[in-house]
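Structure first, then comments.
The values are calculated or read from the model by the stated rules, or taken from the named source; none is laboratory data. Bear in mind that the values here come from a model prediction, so they are computed numbers and not experimental data. Neighbour counts run over all protein chains shown; Cβ positions are idealised from the backbone, glycine included. For the accessible areas, the whole protein counts, side chains as well, though only heavy atoms, and no ligand, DNA or RNA atoms are used. Shrake-Rupley method; radii C 1.70, N 1.55, O 1.52, S 1.80 Å.
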Amino acid sequence: AGIGKCVALDLARRNARTILACRSRERGQAAVEEIRAATGNPAVLLRLVDIGSLASVRAFAQAVLREEKRLDVLVNNAGLTGLPFTITPEGLEQTFATNYLGPFLLTNLLLG
């Protein structure tokens, strides 16, 4: 939803192979179908990742590196705010893990 969906829609309109990295399969698949219908671009894909989980980020990055020939653009758009203080299973504060650590790790893993 929001800015991420708008960016994905614009990339798909430009005929780019576009991967939506989403936490929710249901919401992600709905966005994929909407973007495909709006653009006619069948190369809009859903991949699941919880950016607040470093293990999920690592698995996602490994899959992208294994499955994709190249990566031209990475848009880090996940973010949380206003949640109660929560610790992730990895022992990190949830907002910090999602807004900073996850995107930083993902970017560095995909740099190659």
Considering amide H positions built from the backbone, and no H for Pro or chain starts, which residues 5 or more places from Ile19, or on another chain, come under 5 Å of its amide H?
Leu45
With DSSP loop assignment and no more than 10 other C-beta atoms within 10 Å, the GluC sites (Glu not before Pro) in the stretch 43-104 are none
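Which value, in debye to the nearest 20, describes the size of the charge dipole of the chain about its Cα centre when Lys and Arg Cβ atoms bear +1, Asp and Glu Cβ atoms bear -1, and nothing else is charged?
So the magnitude is around 360 debye.
Helix-only estimate, please: 222 nm mean residue ellipticity of the chain, summing -39500 (n - 2.57) across DSSP H runs of length 4 or more and dividing by its residues, to the nearest 500.
Using -39500 (n - 2.57) per qualifying helix, the result is -14000 deg cm²/dmol.
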Tabulate in residue order the Karplus-calculated ³J(HN,Hα) for the stretch 70-87, using 6.51 cos²θ - 1.76 cosθ + 1.60 with θ = phi - 60°, rounded to whole Hz; enter x for Gly and Pro.
7, 10, 9, 9, 10, 10, 8, 10, 5, x, 10, 7, x, 7, x, 4, 9, 9
Need one word for the stretch 23-67: rounded, prolate or oblate. Basis is the Cα gyration tensor (sqrt eigenvalues a ≥ b ≥ c); a/c below 1.5 gives rounded, then a/b vs b/c decides.
oblate
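Could you look at the chain and say what percent of its accessible area is carbon and sulfur, using a 1.4 Å probe and all protein chains?
On the chain, the fraction of accessible area on carbon and sulfur atoms equals 56 percent.
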